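Bear in mind that the values in this text are calculations on the coordinates, not laboratory data. All values derive from a computational prediction rather than experimental measurement. Positions of Cβ are backbone-derived with ideal geometry, glycine not excepted, and every protein chain shown enters the neighbour counts.
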């Protein structure tokens, strides 16, 4: 066979392979680039939604009232599809089209969360996104003999609402809510601690919190099995610190975070399953990482899921968490601003913070 | 005489087609795959950083190690455009400092960001800042060398692998 024939055969074999390979790889590169772009779109839309939520709630005097909050949430939620649609180049009425790729939107607030999920309308087979009732971060505990029942609604800090059924077959219950607090510093007793406080609000807070905590401990210790008592112990038996304070490493906080995680994920998985069963897309709950959970467990957040968008050879599957930095739901230590003795404003972690001659670095 | 010339030309052609052409094609695909990795890593780094409001050392070293895994050397250019007010002493003294015009941005570049990372392990950003990251290769990849050899089209300072993304920071990083 002539050399030129060999070349032709080689070309006939190699050229298609190389062409297909190069096409495939460039498609993958485009897909990766597009995924990055979609991620940005999603983050931007979620951020815009959070800004709308903040604008609506912080400027509204009545935002703590459920009706008003729902109205604010509806308004904030409408920002999401329109921002997303604008990014994707859809305009006008087609913005609702984007919502068919959104299996869930979640607003995690101070003591519970709101979810927007596709819900089947009663007279047709179509789905539309609807706001579900507020879900509290709550868990039910039963006593050893199975007679008493304790329901605790946790929150992002040491505030809890408690419902105690002395007899769970009977529908009457005692309910109380308040902050879980112990006397800071092991040796000081209540009265000297209160006398040293020069702030009436702080005094009132501690008095009410101690009162509530005493009642809470009493209910838990006299009715619950030992493992529940260990979980819900307000005072750490080793360090004698308040184990309910946010950020403290304690079994109470482990339990609190587990309850918050469980209530959110179980509802999300369920609603995504129902939706994917009824549509062609296969929606699945993505796994949130530990650091993302950490964000959700310490802040007011908006979690948006976007799934099923065509993306090169695959389907896009993404989610994002937008954190609120300005709201009336919760005040964390990071939100506080102090006026130092130098007359300037400082955050609590600022090394230059110096109040009454005592600086943080000392 | 004519026949032997044709044979020599044919052998040359065969060598080019059977060795150089596949080598070029494969090295170019190799660069594409590197670019895919770079693009993904940069997107992940930028989106993650602007979503948590800070550039952490952990995220930065993750980006660098992902980049290094492609076997090339890279130049990572970061820029944070910090949003700031445009203050001016204008009008009556009683009103104090007033703001004029739009908010302005000032920029912080790679070396300054890395200094912060070295000192605290974290570079904090705030809501509204803009983070831009551009990554390009600094070494000559095989595909670039081959191209240089055959076409002489590309200069020494050109790059073939590039990844870039920018975005607005969505949250105050503490």
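Helical content alone sets the calculated 222 nm signal of chain A at -15000 deg cm²/dmol, taking -39,500 (n - 2.57) per DSSP H segment of four or more residues and averaging over every residue. Distance from the C-alpha centroid of the range A:280-324 to that of the range B:1-63: 32 Å, rounded to the whole angstrom. Within 10 Å of the Cβ of each residue in A:321-334, the mean number of Cβ atoms contributed by other protein chains is 2.
In terms of other Cβ atoms within 10 Å, A:49, B:111 run from fewest to most in the order B:111, A:49. To the nearest ten degrees, helix A:66-88 and the longest principal axis of the Cα atoms of chain A are 20 degrees apart. Computed as a quarter of the hull surface, the mean projected area of the alpha carbon convex hull for the range A:6-100 stands at 8.6 nm².
In chain B, the calculated helix contribution to ellipticity at 222 nm averages -15000 deg cm²/dmol per residue, counting -39,500 (n - 2.57) for every DSSP H run with n ≥ 4.
Look at A:149, A:132, A:171 and count the other Cβ atoms within 10 Å of each Cβ; fewest to most, that gives A:171, A:132, A:149. Expressed as a fraction of 2.2 N^0.38 Å, the value expected for a compact globular protein of N residues, the C-alpha radius of gyration of the protein assembly as shown is 1.27.
Taking B:43, B:15, B:58 in turn, the Gaussian network model of chain B (Cα-Cα springs below 10 Å) assigns the largest fluctuation to B:15.
Once Rh for the range A:54-124 is found with the Kirkwood sum over Cα pairs, what is the Stokes-Einstein diffusion coefficient at 4 °C and 1.567 mPa s, in µm²/s?
Values: Rh = 13.7 Å.
Result for D is 94 µm²/s.
Per the Debye formula on identical point scatterers at the alpha carbon atoms of chain B, with no solvent, log10 I(q)/I(0) at q = 0.08, 0.18 Å⁻¹ is -0.42, -1.09. Of B:129, B:32, B:84, the residue with the greatest mean-square motion in the GNM of chain B, using alpha carbon springs below 10 Å, is B:84. For the range A:66-198, the share of alpha carbon pairs falling in successive 10 Å distance bins from zero is 10, 23, 24, 20, 14, 7, 2 percent.
If I fit a long axis through the Cα atoms of helix A:251-278 and take the longest principal axis of the Cα atoms of chain A, what angle between them do I get, 0 to 90°, rounded to 10? For helix A:251-278, the angle is close to 40 degrees. Comparing A:33, A:347, A:251 in a Gaussian network model of chain A where C-alpha atoms under 10 Å apart are linked, the largest mean-square fluctuation is found at A:347.
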